[in-house]
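One structure is given below, encoded as C-alpha cells.
The values are calculated or read from the model by the stated rules, or taken from the named source; none is laboratory data. Everything quoted here is computed from the prediction, not taken from an experiment. Note that we place each Cβ from the backbone using ideal geometry, even for glycine, and neighbour counts take in every protein chain shown.
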Amino acid sequence: MDGVLFNTFVYLCAAVIAVPVAKQLGLGSVLGYLIAGIVIGPLLGIVGSETEQLQHVAEFGVVMMLFLVGLELRPAMLWEMRARLLGLGGLQVLATGLLIAAAAWAMGPDWRTAIAIGLIMALSSTAIVLQTLSEKGLNGTEGGRASFAVLLFQDIAVIPMLALIPLLALPGVMDLTAQGGANSAVGAAVVVGDGAAPAGFQPAALQPVDLQPAKLQPVELHQAPAHQAKSDVRGGAHASMSLVAGLDGWAYALVVLGAVAFVVLGGHFLTRPLFRYIAASQLREIFTATALLLVVGIALLMTLVDLSPALGTFLAGVVLADSEFRHELESDIEPFKGLLLGLFFITVGAGIDFGVFAADLLLVLGLTFGVMAVKGGVLLVLARLFRLATGDGWLFTLALAQAGEFGFVLLAFSVQNNVIPPDLAELLSLVVALSMLLTPALFIAYDRWVLPRLSGRDAERPADEIDRRGSVVIAGIGRFGQIVNRLLVAAGVRTLVLDHEAGVVEWMRRIGIQSFYGDASRPDLLRAAGIDEAAVFVVAIDDRDRAVALVKQVRRDYPQVRIVARAYDVNHLYLLRKAGADLALREVFDSSLKTGGAVLRALGEHPFKAEKMMRAFRSHDEEGLEQLYELWDEDVELSTNHALLELVRARTQSEQSVMARDRADLHDRTERGWTPPPRHPNE
Amino acid sequence: MTDSVSPSSTADAPARRIMVLFAHPSPNRSEANRPLVEAARAVEGVTLVDLYAEYPDFEINIDREQERLLANDVICFLHPLYWYSTPAILKEWQDLVLEHGFAYGAEGNALRGKLFFNALTAGGAETAYSAEGQNHFTIRELLRPLEQTAILCGMFYLPPFALFGARTAVEEGRISAHVADWTRLLRALRDDRLDLSRAAALPRLNQNLDAIVRSSGQGIPSVGEG
C-alpha cells in the first residue's frame with residue numbers, strides 16, 4: 001500500500017508540476033507529461049519497474065479516448081467523411097509505408113523486415129495528435145478534420161497489419177526467437193504464451209493499445225490472434241482469456257461479427273433504457289459507474305474475441321453519438337480519459353532509454369529526422385492533392401509527421417513473429433519515442449511560423465455569413481426554452497439543448513426536438529456540450545437561484561460567449577445582469593404587454609394607436625429599468641430601499657401621463673413625427 | 001452648424017462629414033448594394049447607418065436620428081429603387097425625423113446648407129428611364145419629391161448616383177467600376193473636391209465624374225484623379 005501511495009504521489013507530483021509549466025511556456029500538455037516522465041524515469045530514476053503495470057492501466061486512456069472520439073461522430077458524419085478516410089488515410093499509409101520500406105531496404109535489412117518497418121512507421125500518434133488538436137482548438141479546422149480522418153484510418157489499418165506481419169516472418173530465424181526471449185533485451189520482454197494474466201487490463205495480442213516501448217518494459221504478447229491458429233507462434237496462449245481459441249477461420253469470423261453486431265445493436269437498443277433508468281435514480285456516481293461499466297465491458301468483450309478494445313469502444317461511441325446521453329457520457333468519461341492518457345504519456349517519457357540513445361546518438365537522430373521528413377513530405381503532397389488550404393495543409397503535415405504508440409505494439413509483435421531482429425526493434429522503438437517527443441515542437445512551429453504568415457491571407461477571404469453565426473447552447477427546454485429553440489432551429493441555427501429531467505428530454509426527442517440529458521450547471525457537461533465554441537448561451541431554466549449561479553459560472557469560465565437569460569422579475573433581471581448576463585429578459589413582460597394591447601383594441605382603440613401606446617409604454621418602461629438599476633442594491637431589501645421606491649413611484653406617475661398628455665398636447669410620445677404642422681403657423 | 005455649401009477644407013480634418021442612410025430589407029440578397037455598403041464603411045469620415053438593421057420594427061428613434069443629422073454635412077440615401085421611390089423605412093424615416101420645427105417651418109433650420117443626394121440601384125436599363133422608355137421619365141425626374149423635400153429643408157440637392165440594370169451588373173462585371181466611382185465620389189464630397197454647381201446640373205452624378213471631381217488641392221477639373 002505504501003508503494004502504491006508513493007508511486008501515485010510521484011506520478012501526480014510530476015504531472016502537477018510539469019504540465020502547468022509546460023502549458024504556460026506554450027509547449028502543450030502532452031510535452032509536459034512526456035517531460036514529467038523523463039524526469040521521474042531515466043533522469044531521476046525514482047520510478048522504474050512499476051511503469052509496466054501502470055501502463056496496462058494507462059493504455060485504457062486510449063480506449064476511452066476512442067470512445068469519446070466515437071461519441072463526437074454521428075454515423076452520418078462517419079459516412080460523410082468516407083472519401084477522406086479512405087482516400088487521404090489510405091494513400092497516407094500506403095505511400096509512407098512504401099517509401100520508408102524502400103529506404104529501409106536500401107539500408108540493408110531483408111525486404112520483409114523493410115516492409116514491416118514501413119508499416120510501423122506509417123502510423124501516427126492518435127493520442128498525442130488528438131489531444132493536442134483539441135487543446136489548441138484546431139479540431140474543427142479543415143486541417144484538424146483531415147488529420148482525424150487519417151488517424152482513424154490508421155487505427156483501423158492496425159488490424160490487417162497485425163494479420164500481415166506474421167506472413168513476413170524471416171525464414172531461418174524461427175528457432176532463434178524461442179530462445180531469444182532469454183537473452184535479448186526485447187526478447188526478454190516478450191513473453192510468448194503467457195498463461196497468467198497480469199493484474200489490470202489484459203490486452204490481447206491484437207490489442208493496438210499495448211503500448212510499451214519494447215526495450216524497456218515487458219510486452220505481454222501472451223495471446224496470438226485466433227485466426228492465426230495455424231501459426232506456430234501462438235503456442236498455448238489462449239488458455240486464459242479468449243472465447244475464440246482454437247476456432248476455425250469461419251467460426252472465428254462469425255464470432256467476431258456477432259460481437260460487433262452485439263456492440264452496435266446493444267448500444268442502440270439496450271443502453272438507452274438502461275441510462276434512462278439510471279438517470280431517473282438521480283445518483284450521479286451511479287451514472288458515472290454505468291458509463292465506465294459500458295466502456296470496460298465493451299473493451300472486455302473485444303479482448304475476448306481478439307479484437308481491438310479501442311475499435312470496439314469507438315464503435316460503441318459512434319452508436320451512442322445520437323443518444324440524448326451523449327454529453328453526460330462524455331463529461332463522465334472525460335476526466336478518466338484525461339488522467340489515464342496523461343499517465344500514458346508519462347510512461348512513454350519514462351521509457352526512453354538514454355543509455356541506448358547516447359550510444360547511437362547520431363543514428364537515432366538521423367533515423368528520427370529521416371522518418372519525420374518522409375512522413376511530412378507525403379502528407380504535404382497529399383494536402384496539395386486533396387486541396388487543403390495552405391494553413392490547413394501545414395497543420396496536417398506537421399501534426400501527423402511522428403510515429404505513434406501503435407508502433408510500439410507492432411514492433412513487439414514483429415519481434416515475436418521474427419520479422420524484425422530484436423536489436424533493430426530496440427533502435428526503432430527509440431525512433432518512435434523520439435518522434436513522439438518532437439511532435440509538440442512541430443505544433444509550436446505551426447503556431448509560431450505558419451499561423452502568423454496566414455493571418456493576412458485569411459483576411460482576404462470573404463466572410464461566410466451563415467457559418468459564422470455559430471452555434472447556441474440552450475439550458476432548459478421547458479415552455480420557455482422550447483420556443484427559443486424552435487425559432488432558432490427554424491432559422492437554421494445549430495442549437496444544443498440541455499435539460500436535467502430525463503423525462504422531458506425523452507418527450508422532446510419523441511416530438512423531434514434534438515435535446516440532451518444533463519445538468520447544465522455542471523462545468524464539465526457544458527464543455528462537453530461545446531460551450532467554448534458556442535456563440536450564445538441561453539439560460540432558460542426556471543430555477544431562479546440556479547439560473548444566477550449558472551450565469552456567474554459561465555461568465556467566469558467562458559468570457560467570449562454571449563449570455564441571454566430568462567428573468568423571473570425585475571429583481572431577478574438585475575441579479576442576472578450583475579452575474580454577467582449580456583441580456584436578461586423578463587419572462588412574461590412581452591405577453592403581458594400584448595395582452596394589454598389586445599384589451600385596448602377590444603375597448604375600441606384604433607389598432608395602430610394601441611400599437612403605438614404599447615411601444616411608448618415599452619420604451620418608457622425600459623428607460624425606467626435602467627434608472628432603477630442605478631439605485632438597486634442586491635444586499636438591500638427592496639422594501640427598505642427608499643430611493644428606489646421613490647423612483648418607482650415617480651416613474652409610475654410619469655407613465656400614466658405619457659399617454660394622458662395626448663389630450664392636451666398633440667406632440668405626445670405616440671404621435672410624434674406624424675403630427676401635422678400647427679394650424680396657424682406664426683410666421 | 002455649417003451654413004455654407006462649401007466649407008473651407010483643411011489638410012487633416014475632413015471638410016464634410018457624410019452620413020449614408022442605407023435601406024434594404026434583405027441586404028444579404030443584394031449583389032449591388034452590399035459592395036456599396038462595404039465601400040462606404042471603408043471611407044474615413046463616412047457614417048453608414050443600416051436602417052433596417054437598426055430599426056427592425058420600424059420604431060425609429062427620432063431624437064437619435066436628428067442628432068445624427070446635426071452631426072453631418074452630407075446626407076445620402078443609399079437604396080434600391082422601389083416603385084420609383086425609396087424602400088418603406090426611408091419614407092418612415094422622413095415622416096418621423098424631418099419634423100416641423102426641426103427640418104422645416106419657421107424655426108426648422110437644422111438642415112440648412114447640408115448636401116443631399118440619393119445613391120440608388122435600379123433594375124431597368126438606363127434607356128428605360130426616358131420619355132421614350134418604359135418608365136417615361138428620367139431617374140432625376142422620378143425623384144422630384146425628394147428634390148423638393150431637400151429644397152424645403154434648405155438643403156442643396158445633388159442628382160442621383162445611379163446604377164442601372166442592377167440585376168445583371170455582377171455577371172456583366174460592372175460592379176467594381178461602380179464601386180470605385182462611389183468611393184471616389186464620397187472622398188471628393190468629404191474633401192470638398194466636387195464642383196457642386198456643375199454636378200447639380202447633371203441628370204445623374206456618375207455620368208461623368210471626371211468633369212465634376214477636382215484632384216486634391218486643385219481647383220481645376222482633372223482626368224487622372226482616382
Go through region A:420-470 and count every residue that is modelled with pLDDT of 80 or more and among the basic types (Lys, Arg). 1
Do the conditions hold for B:GLY124, that is, is it among the small types (Gly, Ala, Ser) and within 14 Å of chain A (Cβ to nearest Cβ)? no
Cβ contacts < 7 Å: first residue within 12 Å of chain B (Cβ to nearest Cβ), restricted to region A:616-627; second residue not in a helix (DSSP H, G or I), any location; separation 6+ or different chain. Result? A:ALA616/A:ARG669; A:ALA616/A:THR670
What is the one condition in (1) of a type in the set (A, V, I, L, M, F, W, C); (2) closer than 26 Å to A:LEU130 by Cβ; (3) part of a helix (DSSP H, G or I); (4) at pLDDT 85 or above that A:VAL473 does not satisfy? (3)
Just one of A:ALA660, A:ALA584, A:ALA598 is modelled with pLDDT of 80 or more, away from chain B (no Cβ under 14 Å) and loosely packed, with under 15 Cβ neighbours inside 10 Å; which is it? A:ALA598
I need the full set of residues from region B:82-100 which are at the interface with chain A (Cβ under 8 Å from one of its Cβ atoms) and either outside any helix (DSSP H, G or I) or among the charged types (D, E, K, R) (or both), in order please. B:ASP95, B:GLU99, B:HIS100
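Residue by residue, here is whether (1) outside any helix (DSSP H, G or I); (2) surrounded by fewer than 24 Cβ atoms within 10 Å (Cβ to Cβ) holds:
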| position | (1), (2) |
| --- | --- |
| A:PHE262 | no, yes |
| A:GLY267 | no, yes |
| A:PRO273 | no, yes |
| A:ALA289 | no, yes |
| A:ASP306 | yes, no |
| A:GLU330 | no, no |
| A:LEU340 | no, yes |
| A:PHE344 | no, no |
| A:GLY349 | no, no |
Identify the single condition in (1) surrounded by fewer than 18 Cβ atoms within 10 Å (Cβ to Cβ); (2) within 14 Å of chain A (Cβ to nearest Cβ); (3) modelled with pLDDT of 95 or more that B:ARG144 does not satisfy, given that it satisfies every other one. (2)
Of all helices (runs of 4 or more DSSP H) completely enclosed by region A:1-114, which ones contain at least 3 residues that are of a type in the set (Phe, Trp, Tyr)? A:2-24
Looking for whichever is of a type outside the set (Gly, Ala, Ser), under 22 Å from A:LEU138 (Cα atoms) and not assigned by TED's automatic domain parsing to the domain that holds A:LEU162 here; the options are A:VAL381, A:VAL318. Which one fits? A:VAL318
In a loop (DSSP other than H, G, I, E, B) and either exposed (fewer than 14 other Cβ atoms within 10 Å of the Cβ) or in contact with a strand residue (DSSP E or B) (Cβ under 8 Å, 6 or more places away or on another chain) (or both): does that describe A:ILE483? no
Could you grab me the full set of residues in region A:117-175 that are within 20 Å of A:LEU411 (Cα to Cα), in contact (Cβ under 8 Å) with a residue 40 or more places away in the chain and either hydroxyl-bearing (Ser, Thr, Tyr) or part of a loop (DSSP other than H, G, I, E, B) (or both)? A:LEU123, A:SER124, A:SER125, A:THR126, A:ALA169, A:LEU170, A:VAL173
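Quick grid of which residues meet (1) part of a helix (DSSP H, G or I); (2) modelled with pLDDT of 85 or more; (3) surrounded by 11 or more Cβ atoms within 10 Å (Cβ to Cβ); (4) basic (Lys, Arg):
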{"site": "A:LEU593", "(1), (2), (3), (4)": "yes, yes, yes, no"}
{"site": "A:ARG618", "(1), (2), (3), (4)": "yes, yes, yes, yes"}
{"site": "A:ARG651", "(1), (2), (3), (4)": "yes, no, yes, yes"}
{"site": "A:GLU655", "(1), (2), (3), (4)": "yes, no, yes, no"}
Quick one: which of A:PHE325, A:PHE336 is surrounded by 23 or more Cβ atoms within 10 Å (Cβ to Cβ), out of contact with any Ser or Thr (no Cβ under 7 Å at 6 or more places or on another chain) and under 24 Å from A:VAL264 (Cα atoms)? A:PHE325
If only one of B:GLU38, B:GLU65 is within 14 Å of chain A (Cβ to nearest Cβ), part of a helix (DSSP H, G or I) and modelled with pLDDT of 95 or more, which one is it? B:GLU65
Pick from A:LEU31, A:LEU5: which is over 27 Å from the mean Cα position of the chain (by Cα) and either assigned by TED's automatic domain parsing to the domain that holds A:SER124 or without any contact (Cβ under 8 Å) to a residue 12 or more places away in the chain (or both)? A:LEU5
Positions within region B:68-87 being over 15 Å from the mean Cα position of the chain (by Cα) and in contact (Cβ under 8 Å) with a residue 60 or more places away in the chain, in sequence order: B:LEU70
Look at region A:69-82 and say how many of its residues are among the hydrophobic types (A, V, I, L, M, F, W, C) and in contact with a Phe, Trp or Tyr (Cβ under 9 Å, 6 or more places away or on another chain). 3
Subset of region B:68-81 that is buried (at least 16 other Cβ atoms within 10 Å of the Cβ) and farther than 14 Å from B:CYS153 by Cβ - its residue that is nearest to the other protein chains (Cβ to nearest Cβ): B:ARG68
